[in-house]
1. What about residue 120, is it more than 25 Å from residue 31 (Cβ to Cβ), modelled with pLDDT of 95 or more and of a type in the set (D, E, K, R)?
2. List the residue pairs whose Cβ atoms are under 9 Å apart, where the first residue sits in region 138-166 and is on the phi > 0 side of the Ramachandran plot, the second is in a loop (DSSP other than H, G, I, E, B) and surrounded by fewer than 16 Cβ atoms within 10 Å (Cβ to Cβ), and the two are 6 or more positions apart or on different chains.
3. All but one of (1) among the polar types (S, T, N, Q); (2) assigned to a loop (DSSP other than H, G, I, E, B); (3) open to solvent by 60 Å² or more (accessible area, probe 1.4 Å) hold for residue 293; state the number of the condition that does not hold.
4. Taking residue 21 as the residue in question, decide whether it is modelled with pLDDT under 95, part of a loop (DSSP other than H, G, I, E, B) and either of a type outside the set (S, T, N, Q) or open to solvent by less than 10 Å² (accessible area, probe 1.4 Å) (or both).
5. Do you know which residues across region 148-170 are open to solvent by 20 Å² or more (accessible area, probe 1.4 Å) and either outside any loop (DSSP other than H, G, I, E, B) or among the hydroxyl-bearing types (Ser, Thr, Tyr) (or both)?
6. Please find, among 131, 150, the residue that is within 20 Å of the chain's Cα centre (by Cα) and closer than 16 Å to residue 66 by Cβ.
7. Restricting the search to region 59-92, which residues are among the aliphatic types (A, V, I, L, M) and over 17 Å from residue 145 (Cα atoms)?
8. What single numbered condition from (1) within 23 Å of residue 39 (Cβ to Cβ); (2) out of contact with any helix residue (DSSP H, G or I) (no Cβ under 6 Å at 6 or more places or on another chain); (3) outside any helix (DSSP H, G or I) fails to hold for residue 268?
Amino acid sequence: MGGAVMLKTLFVLLLIISTAFSMTLKKVEENLYMVRGNDGLPSKENKGFISNAYAVLTEEGWVVIDTLTTPELSEEFLNLLKKVSNKPVIYAIVTHYHLDHWYGAKTFKDKGAKVIAHEKLKEFYDSGEALQVLEAQKKRFKGVLDSVELVPPDEVVKDKKVLKVGKDVFEIYAMPPAHTNSDLVIYWKNRKVLFVGDLVYINRIPFMGDRNASSKGWLEVLERLKEFDARMLLGGHNYPMNKDAIDWTYNYIKFVRDTVKKLKDEGYFIDEIKEAFKGNPYEKVKMYEVFHNTNVWKVYNELDLEL
């Protein structure tokens, strides 16, 4: 009897593992679709499926926001979209240069879509640094990124760009350094939907550790995002959010900045500062163990460069 229960439990566990990282296309509302990535870092188990991607169906074709981590994932995403409509993907907009948002772009470019990104992403690609980072990440996340081929954007955004696709209008804004130095937000004017990349979260710790990130700039960007007349926010790692998520993200970043600054001004060293965060109200939030100490370290060093 015990053996039978054990075998049944093992079967259920295997079933969970085998289906945990499947990709499902979710209809958010009419003509708006998403795939929801898993929380975590890239691994063979999750196949690098750790972020969201979105697609808007216009009368002329698809507009895709973010392209996932690998060509296999973006191909799967594209096939799911084709089941809804076989219209072409006209644009693929990359919200920033991180692997889980950019690395699947070749799939769409090969199918004739124009890839749009921040001008800093193109500079990153043209400099050769992007390829160096890819090679390092292939070693770090073994077996996940082997098939990735980077492609540059066809069009870049320096400040603002407006796309008119049939009756749909998409306003694309380049943000100053925040999560990275290549952040874009896309405002779908017809529906008052704001695609925010990795700039806004709720109940999930943001990653502030990118070498080009600015926690000070991020707070300024969040204030700017409040000014949009947006009824829905769609981010890189959450289910659909409302504007309350802006405050949640702002409060966490400010909490880290204020705490680090206070303790640093009092003469504490970085290890002591990290220790002082124990028992804080964010400890149980998703990705805390993965990102929080990195965020503290980043802010600790960033404060030295601020006037």
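The values are calculated or read from the model by the stated rules, or taken from the named source; none is laboratory data. This is a predicted model, so every value here is computed, not measured. Reconstructed Cβ throughout: ideal geometry from the backbone, glycine too, with neighbour counts over all protein chains shown. The accessibility values were calculated without ligands, DNA or RNA, using every heavy atom of the protein model including side chains. Shrake-Rupley method; radii C 1.70, N 1.55, O 1.52, S 1.80 Å.
1. Here the answer is yes, as residue 120 does meet what is asked.
2. Once the first residue is on the phi > 0 side of the Ramachandran plot and sits in region 138-166, its partners that are in a loop (DSSP other than H, G, I, E, B) and surrounded by fewer than 16 Cβ atoms within 10 Å (Cβ to Cβ) give 143/44; 166/59; 166/60.
3. Result: residue 293 fails condition (2) only.
4. yes
5. Within region 148-170, 155, 156, 160, 161, 162, 164, 168, 169 meet the criteria.
6. The conditions single out 150.
7. Result: 63, 64, 65, 78, 80, 81, 84, 89, 90, 92.
8. (1) is the only condition that residue 268 fails.
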